[in-house]
Amino acid sequence: MTSRSATIFAASIALTPLLQLSEQEILRIYKSMTMLNLLDQILTDCSRDGRISFYLTVEGEEGAVVGSAAGIEPDDLTFGQYRESCGILLYRGCPVNSLVHQCYGTASDTHSKGRQMPVHYSSTEFSSVSISSTLATQVPQAVGAALSYKRARNGRVSVAYFGEGAASMGDVHAAFNMASVLGCPTIFFCRNNGWAISTPTQEQYKGDGIVIRAPSYDMKAIRVDGNDVFAVLTAMKAARKICINESRPVLIEAMSYRSIAIFALYSIAARLAPLYGVGLAVAVHP
């Protein structure tokens, strides 16, 4: 596995001292993280019971998700991959019932009226674009949104979330180049939990993680401890300031670790397989 120690380039951002947070703000972060963890456990059990078709867990990465949401403005447009949008929406005030209705695909689903797959959250009210099942397609979309913000001069940024596995997709490299060349106020936020879906990083790429790619695109970048919510928050605030003041993208790599299986669906399939005489070779982490 590649080095997980903090690596900062000469062209990287310098973290500003943590801003003074009020007790109310700290409690909001804490409550969002604990609610996200609790909701994660409940919906994982619902998936295992067959009440929803599948669910993708966030457990272990709450700090990266909620910390990043706390470091940007409420109207900054977020493009999640799978595991970020739930925490972002919770932090921004989205009702829990709305998230559960989305996963169940009911008529009361305010996100897509039951037309989307589970965990494919979206909200115009809370500035969160719908999840796309195809990995990394959201990354160039975020750059396009940021370009429109730049032209409108409205002081907004876009945030593209993705994992270290999706970073191997061509869309990510195209987005990096487009954002850098066009000077788009986009924050690229990579959650590196070391496993992608089930592939360890040593089999995914060579080199010291994702952050090392930034200088090739003349981007400022930093690696932070993704389990330290305040480190993530501070990095996001600094990155957003650079995006607005310098009209350029920033890459953040949050080193984290997911603590339970990637797909709760796997456990269902593993239990059903013997009934149908089908053998499954599924790598479930950890």
Accessible surface of region 26-103 [probe 1.4 Å, protein heavy atoms]: carbon and sulfur percent: 56 percent
Nearest-10 value in Å² for the accessible area of residue 42, using the 1.4 Å probe: 90 Å²
Ranking by accessible area, most exposed first, for 205, 30 with a 1.4 Å probe: 30, 205
Percent RCO, i.e. relative contact order, over region 97-226, from Cα pairs under 8 Å lying at least 6 residues apart: 17 percent
Inter-probe distance in nm under a simple model that places probes 7 Å from Cα toward Cβ, at residue 26 and residue 199: 4.2 nm
Per-pair calculated FRET efficiency, R0 = 25 Å: residue 125 and residue 151 via Cβ, rounded to 0.05: 0.55
Nearby aspartates and glutamates by direct alpha-carbon distance to residue 237 (threshold 17 angstrom, same-chain neighbours under 8 apart not counted): 25, 73, 75, 76, 225, 228, 246, 253
Region 30-121: C-alpha gyration tensor shape, a/c 1.5 cut-off, then a/b vs b/c: oblate
Burial ranking of peptide ranges 139-145, 210-216, 81-87, 168-174 (average Cβ count within 10 Å, highest at the top): 81-87, 139-145, 210-216, 168-174
Amide H contacts of residue 223 (H built 1.01 Å from N, under 5 Å, at least 5 apart or other chain): 7, 253
Average accessible surface area per residue within region 34-170, 1.4 Å rolling probe, Å²: 36 Å²
Global form of region 93-195, assessed from the alpha-carbon gyration tensor, a/c cut-off 1.5: oblate
Residue 41 paired with residue 237, simple spin-label distance in nm, labels 7 Å along Cα-to-beta-carbon: 3.1 nm
Surface share of carbon and sulfur [accessible, 1.4 angstrom probe, percent] for region 158-244: 54 percent
Cα gyration tensor, region 161-226 - rounded (a/c under 1.5), prolate or oblate: prolate
Reach of residue 241 by Cα under 27 Å, taken over lysines that are not fewer than 8 positions away in the same chain: 31, 150, 220
Of all DSSP beta bridges in region 48-206, antiparallel share, percent nearest 5: 10 percent
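The values are calculated or read from the model by the stated rules, or taken from the named source; none is laboratory data. Keep in mind it's a predicted model, so treat the numbers as computed, not measured. Reconstructed Cβ throughout: ideal geometry from the backbone, glycine too, with neighbour counts over all protein chains shown. The accessibility values were calculated without ligands, DNA or RNA, using every heavy atom of the protein model including side chains. Shrake-Rupley method; radii C 1.70, N 1.55, O 1.52, S 1.80 Å.
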